[in-house]
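Asker: One structure is given below, represented as structure tokens, and several questions about it will come after.
The values are calculated or read from the model by the stated rules, or taken from the named source; none is laboratory data. What you see is a predicted model; the values in this text were computed from it and never measured. Glycine gets a Cβ as well: all are built from the backbone with ideal geometry, and neighbour counts include every protein chain shown.
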Amino acid sequence: MEQTSHSPQPTPESIMQIGMGFWASKTLLSAVKFELFTKLAAKAAQSASEIKSALGLKCSDRHLFDFLDTLTTFGFLQRAGLLETAKYSNSPNTDLFLDKEKPSYLGGILEMANNRLYGFWGSLEEALISGEAQNEIKNGADNPFGELYKSPEKLREFVNAMGGIQVGNFMAFAQKFDFSAYKTLADIGGAGAILSIMVAKHQPHMQCQSFDLPPVEPIAKGNIAHFELQKRVQAVSGNFFEDALPKADILTMGNILHDWDEKKKVELMKKVYDSLPENGAFVAIENVIDEERKHNAFGLMMSLNMLIETGHGFDYTYSDFNKWASAVGFRKTALIPLAGPASACVAYK
Ligand SMILES: C[S@@+](CC[C@H](N)C(=O)[O-])C[C@H]1O[C@@H](n2cnc3c(N)ncnc32)[C@H](O)[C@@H]1O
């Protein structure tokens, strides 16, 4: 008998879920902004009215329950009881990752998403139509970092956000990469020095430097002191386009190449190649897009985020990386999957 192939019935589920996804996103981002998870972590389970006064909310109790129960539905809060009798507490995930008092806090990226990106992404259509950045540089300046770093609060928020989004990847890199042939590492555009700190923690023979623009140095130094790694990690200031790069066996760049257009990406890789010793290694840690361009949605959206943030920057595939690595002279490359959508692209001199 002839077999008929049944293609799955079309359903509107994912269309509605993603189309209305900003409701869910903003509910979580608001809870982070209110420091709800930090406040709950410090106390026994709280009633809605205790949370209402701790957060200083003036909405109706109905809407307060709706807000807290939406977070419960998503698994961000746990609840015993209902409405007036309910007691709310953090879920294990939010307690570990969204309590500001814990070193595992990764809400920095969500704080920045709420305070900056949420609004800027409202102009995605304009970015696609014009090809122009939609952030602080929308009306003139061409260097996003210069504009961002004029405000100490935005600088700190940005640097903390970078740490939050990358710490899992840096930890995985520090454990998965074979450091046995190397002694020194310099992280170019190292922001809060989190990559250097993770490598120093997991690889006791490594000496690290974190190189970034001068306003970033005090934040990096603070983090290094916090981890008591001053003897093995240094924060140094410089401009990677204008100054010589630090000398080290390994040069790393986390989410740096994606900030720039192809010409500047290759210029930076050539500068890295020239600075490395023979047998040195270059490592780019980014949300590398899969070759078929149909699996790594986060990497693809990160590239759109670069349109919003820089206008010209974009994320790329391992094939793209290989093309640039071979053009500047590297002899071989490797790809190491890290946490979630990120990978390390390695190029050996
Ligand atoms: C997208 S962030 C990435 C930070 C970090 N590497 C990470 O993976 O989270 C880009 C970093 O490059 C730094 N940066 C931008 N332009 C620079 C320049 N010309 N010289 C040195 N650092 C620069 C910024 O200050 C920022 O810390």
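Asker: Please tell me if Ser89 is of a type in the set (S, T, N, Q) and in a strand (DSSP E or B). Even if it seems obvious, please write down each step before you answer.
Answerer: On the way: of a type in the set (S, T, N, Q): yes; in a strand (DSSP E or B): yes.
Against the criterion (of a type in the set (S, T, N, Q) and in a strand (DSSP E or B)), Ser89 qualifies.
Asker: Could you grab the pairs with beta carbons closer than 7 Å, sequence gap of 6+ or different chains, first residue in segment 43-64 and in the same structural domain as Tyr88 (by TED's automatic domain parsing), second one basic (Lys, Arg) and surrounded by 11 or more Cβ atoms within 10 Å (Cβ to Cβ)?
Answerer: Short answer, once both residue conditions are applied: Ala45/Lys87; Gln46/Lys87; Ser47/Lys87; Ala54/Lys39; Leu64/Lys52.
Asker: Taking segment 105-131 as the region of interest, how many residues are assigned to a loop (DSSP other than H, G, I, E, B) and either outside the structural domain of Leu304 (by TED's automatic domain parsing) or not polar (S, T, N, Q) (or both)?
Answerer: 5
Asker: Quick one: would you say Leu245 is in contact with a Lys or Arg (Cβ under 7 Å, 6 or more places away or on another chain) and either within 14 Å of the ligand (Cβ to nearest atom) or part of a strand (DSSP E or B) (or both)?
Answerer: yes
Asker: Sticking with this one: Would you pick out the residues in segment 291-349 that are touching an Asp or Glu at 6+ places or on another chain (Cβ under 7 Å) and among the small types (Gly, Ala, Ser)?
Answerer: Gly299, Ser303, Gly311, Gly313, Ser319, Ala342
Asker: Please specify each residue of segment 145-190 satisfying the condition of being without any contact (Cβ under 8 Å) to a residue 12 or more places away in the chain and either closer than 19 Å to Ser104 by Cβ or within 9 Å of the ligand (Cβ to nearest atom) (or both).
Answerer: Gly146
Asker: Tell me the helices (runs of 4 or more DSSP H) entirely within segment 1-84 that contain at least 3 residues that are surrounded by 14 or more Cβ atoms within 10 Å (Cβ to Cβ).
Answerer: Filter on segment 1-84 gives 21-33, 36-41, 48-55, 61-73.
Asker: Which pairs do you get when a residue that is in the same structural domain as Ser275 (by TED's automatic domain parsing) and farther than 15 Å from Asn160 by Cβ, found in segment 202-230, comes within reach of a residue that is more than 16 Å from the ligand (Cβ to nearest atom) and in a strand (DSSP E or B), reach meaning Cβ atoms under 6 angstrom, with the pair 6+ apart or on two chains?
Answerer: Gln207/Thr184
Asker: Do you know which of the residues in segment 195-242 that are within 10 Å of the ligand (Cβ to nearest atom) and part of a loop (DSSP other than H, G, I, E, B) is surrounded by the fewest Cβ atoms within 10 Å (Cβ to Cβ)?
Answerer: Glu242
Asker: Additional query: Can you report the number of residues in segment 300-332 which are farther than 30 Å from Asn135 by Cα and surrounded by 18 or more Cβ atoms within 10 Å (Cβ to Cβ)?
Answerer: 3
Asker: Only one of (1) within 13 Å of the ligand (Cβ to nearest atom); (2) of a type in the set (S, T, N, Q); (3) surrounded by 21 or more Cβ atoms within 10 Å (Cβ to Cβ); (4) closer than 19 Å to Ile308 by Cβ fails for Gln134. Which number is that?
Answerer: The single condition Gln134 does not satisfy is (1).
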